Amino acid sequence: MDPIKDAVKSAAAKIADAATPSTVPGKPGSGTPAVDEPTTPREPLPPSPEQGTPDTRTPTGAPTGAPPEANAQQGAYLTTSAGTRLRDTDHSLKAGPRGPILLQDHHFREKITHFDHERIPERVVHARGAGAHGVFTSYGTASALTRAGFLAKDVETPVFVRFSTVLGSRGSADTVRDTRGFATKFYTEEGNFDLVGNNMPVFFIQDAIKFPDIIHAAKWHPDREIPQAQSAHDTFWDFVSLHTEAQHHTIWNMSDRGIPRSYRMMEGFGVHTFRLVNAAGETVLVKFHWKPKLGVHSLTWEEAQLASGVDPDFHRRDLYDAIEAGAFPEWELGVQVFPDTEEETFAGIDLLDPTKIVPEELAEVQPIGRMVLNRTPTNFFAESEQVAFHLGQLPPGIDVTNDPLLQGRLFSYVDTQLTRLAGPNFNQIPINRPHTQVNDMLRDGFHQQAVHGGVAPYRPNSLDEGNPSVDKKDGFVDVPARVAEAPKIRQNPVSFDDHFSQARLFWLSMSPVEQEHIIRAYSFELGKCYEQAIKERQLRCLARIDPLLCSEVATALGLPVPSPDAPIAEVTASPALSQVGHEWPADGRQIGIVAGPDADLAVVGSVREAVFAAGMTPLVIAPHGGKLGTLDVQRTFATARSVEFDALLLATAPPPAPDAIPARDEKAGANGNGTVDPRVMLLVEEAWRHAKAIGAWDAGTSVLTHAGVAGTPGVVTAGSATEALTAVQELLPAHRVWQRFL
């Protein structure tokens, strides 16, 4: 039996049992608090059913057999870090009740010293992130391409995934316009494999030597340290308009891809081209793709702005609530496969250029496995904050290429951990520990947790009788790719010089509504710049991409439309890049149900159960908190905002609640007719503007009339609650009612 797989399956079963058709996610702990302070000593509470921890391994990879709780605090009594029980932790040791604190107060010194050193340096990029545990199951379809054991048929591999934004600090908002990191640590039986990618398949720069430059340009201005977590400022647009290789990634960022609806609804890409080698020594080149089960969906710009204020943790909360509710996020891993030729190109596209994609119409994405995230962290710092990724952590059968951005990352990822995690032993931190034997001959250093035996940490040796040996049969092999004879030179190949054709390909692949969003994004971002010269220079870049895009943005900026300084590329659109026109499962969607004391609460209860049964989460929105009859209220008119919900159901037309006065809640000053609570009207108006499905029955239908949205696309007026819910469910697979944007 494999204890890792057993633990993963056991955790998944617990969550499935807990996600009954009456559970709304968000319970903060596994216990049930009392009003009075508990005074009876008790052992620590177990984790909540949806939580998981790193596998209990020794620092050198041996399974301990201990339960996950063995890594947590132990015992019913407060102790020092050395295990001595404490009588009091509320009062420092003083010379009398009013005297100074005594230097001998060892408990105070330990407690405050540890607190003073609780924080570690945040990541320079990808500081704002959230992680989750899961399992990857291989289809076996890659077995002919690689000898990597975790890609053999039906092999299950534990994983930890961290999603993140690039630019913001740890305290920034989730829903800013930015690139998202999508980093996966596979705990394979041949050592860890870190697939460290983004939600966009291309990057800003072609060579890692420019990475400090693009990050310095995109981060806050150094004199004021603003703006936070955004690219709508002069230094960013100064850089990308001068380094035109960034134009392809920039148009992805200005598209809806820059503001995902959820981590669960986000594609992931390995960005670089990797080399696979099979058991016969044959090689191919590949690009990795993560395809979400729920499809690729985004927020509208207004939703993103609302969420940043109403719920800065929007994406993190969505991820963890979905897992708690049993709506496990799921992706399929696929590869685009290319011949490993000396030119390392495909269909005229240089595979070593990280600013280029190969359209799926030219090379299909072949599915090779499925990943399900089914456990949240038990301790965010120990897991999500201390997880350390490195592109050089490769199992036998997967190797790198000469992509100059990838080559630089191979150095930088290890280098950064030395500062963040205080030394070279970061792989001994529980979340980073391999799930296989480790005998690395690496010794000492900060935070060494292994107790190494033997006397000869060198090779060859005779004192330890030759241990450890190298594995000439199954060990990692650097593919002996030929390195051409060439002079040392700081230069890119000529094939890297095309900076605009793929940006145009992306633009032409978008639907009209997506193109409108791109125009709006460029207009907003450049409108935030101070220097006119930077705006004019970026308009010249847009002129090379598309005349309509350039002219519309120029009009918004009040600037003349420049002519392209070179012919506009002729390209073929790639429909696979558009988010519009497909249908996807509605698993884990949040449905807001507006109710009040005058509603038929038995019907509301039945609708609530039906939403649960459909794999979605119902949130009852009422004039006040607590209970509405026997129903638990999750949101009030004061606390609800449309961005939380994927669809709205209206069971009534609630009159203004007692707190519906602008002095107490500014939203109560929204337009209304005096008969319906103005915050409900605002909720409906926002949901309609954001093209969400809305359904109503009984008195709820009058709200749609008052709001002026009755009879418009995606607004359902039904004779019963069942009909309203059914009609709304039929609209959800498209994600939005796109006709409202046309």
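The values are calculated or read from the model by the stated rules, or taken from the named source; none is laboratory data. For clarity, every value in this text was computed on a predicted model and none was experimentally measured. Note that we place each Cβ from the backbone using ideal geometry, even for glycine, and neighbour counts take in every protein chain shown. Surface accessibility is based on the protein's heavy atoms, side chains included, excluding ligands, DNA and RNA. Shrake-Rupley method; radii C 1.70, N 1.55, O 1.52, S 1.80 Å.
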- Considering each of Arg664, Arg736, Arg679 in turn, give the residue that is among the charged types (D, E, K, R) and outside any loop (DSSP other than H, G, I, E, B). Arg679
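Tell me, yes or no, whether segment 182-189 has at least one residue that is aromatic (Phe, Trp, Tyr), closer than 25 Å to Gly369 by Cα, open to solvent by less than 10 Å² (accessible area, probe 1.4 Å) and within 15 Å of the chain's Cα centre (by Cα). If you could, list the steps in order and put the result at the bottom.
Within segment 182-189, the subset aromatic (Phe, Trp, Tyr) is 182, 186-187.
Going one step further and asking which of them are closer than 25 Å to Gly369 by Cα, we end up with 182, 186-187.
Cutting the leftovers down to open to solvent by less than 10 Å² (accessible area, probe 1.4 Å) gives us 182, 186.
Narrowing the set further to residues that are within 15 Å of the chain's Cα centre (by Cα) leaves 182.
Checking segment 182-189: at least one residue is aromatic (Phe, Trp, Tyr), closer than 25 Å to Gly369 by Cα, open to solvent by less than 10 Å² (accessible area, probe 1.4 Å) and within 15 Å of the chain's Cα centre (by Cα).
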- If a residue has to be surrounded by 18 or more Cβ atoms within 10 Å (Cβ to Cβ) and farther than 23 Å from Pro597 by Cα to count, how many in segment 655-686 make the cut? 1
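Kindly indicate whether any position in segment 251-270 is open to solvent by 30 Å² or more (accessible area, probe 1.4 Å) and either of a type in the set (Val, Ile, Thr) or in contact (Cβ under 8 Å) with a residue 12 or more places away in the chain (or both). Even if it seems obvious, please write down each step before you answer.
Filtering segment 251-270 for residues open to solvent by 30 Å² or more (accessible area, probe 1.4 Å) gives none.
No.
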- Query: Out of (1) in a loop (DSSP other than H, G, I, E, B); (2) open to solvent by 60 Å² or more (accessible area, probe 1.4 Å); (3) not basic (Lys, Arg), the odd one out for Pro468 is which?
  - Reply: (2)
- For Leu352, indicate whether it is under 17 Å from Asp403 (Cα atoms), open to solvent by 10 Å² or more (accessible area, probe 1.4 Å), at pLDDT 95 or above and of a type in the set (A, V, I, L, M, F, W, C). yes
- Query: Out of the residues in segment 240-274 that are touching a strand residue (DSSP E or B) at 6+ places or on another chain (Cβ under 8 Å) and acidic (Asp, Glu), which is nearest to Gln538 (Cα to Cα)?
  - Reply: Asp256
- Please work out which one of (1) at pLDDT 90 or above; (2) closer than 29 Å to Arg420 by Cα; (3) open to solvent by 100 Å² or more (accessible area, probe 1.4 Å) is the condition Thr40 fails and give its number. (2)
- Does segment 476-492 contain at least one residue that is modelled with pLDDT under 95, part of a helix (DSSP H, G or I), closer than 26 Å to Glu344 by Cβ and open to solvent by 20 Å² or more (accessible area, probe 1.4 Å)? no
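Would you confirm, using the coordinates I've provided, whether Ser169 is out of contact with any Leu (no Cβ under 8 Å at 6 or more places or on another chain), at pLDDT 95 or above, surrounded by fewer than 21 Cβ atoms within 10 Å (Cβ to Cβ) and closer than 24 Å to Trp220 by Cβ? If you could, list the steps in order and put the result at the bottom.
Values: out of contact with any Leu (no Cβ under 8 Å at 6 or more places or on another chain): yes; at pLDDT 95 or above: yes; surrounded by fewer than 21 Cβ atoms within 10 Å (Cβ to Cβ): yes; closer than 24 Å to Trp220 by Cβ: yes.
Yes; evaluated as a whole, the condition is true for this residue.
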- Query: Among the numbered criteria (1) more than 21 Å from Phe524 (Cβ to Cβ); (2) within 16 Å of the chain's Cα centre (by Cα), which single criterion is violated by Leu285?
  - Reply: (2)
- Selection within segment 507-528 - out of contact with any Asp or Glu (no Cβ under 9 Å at 6 or more places or on another chain), over 20 Å from Ala691 (Cβ atoms) and either hydroxyl-bearing (Ser, Thr, Tyr) or part of a loop (DSSP other than H, G, I, E, B) (or both): Ser509
- Restricting segment 46-57 to residues that are open to solvent by 40 Å² or more (accessible area, probe 1.4 Å) and in a loop (DSSP other than H, G, I, E, B), the one nearest to Gly29 (Cα to Cα) turns out to be Pro47
- Message: Could you go through segment 67-80 and let me know if any residue there is open to solvent by less than 70 Å² (accessible area, probe 1.4 Å) and in contact with a Lys or Arg (Cβ under 6 Å, 6 or more places away or on another chain).
- Response: yes
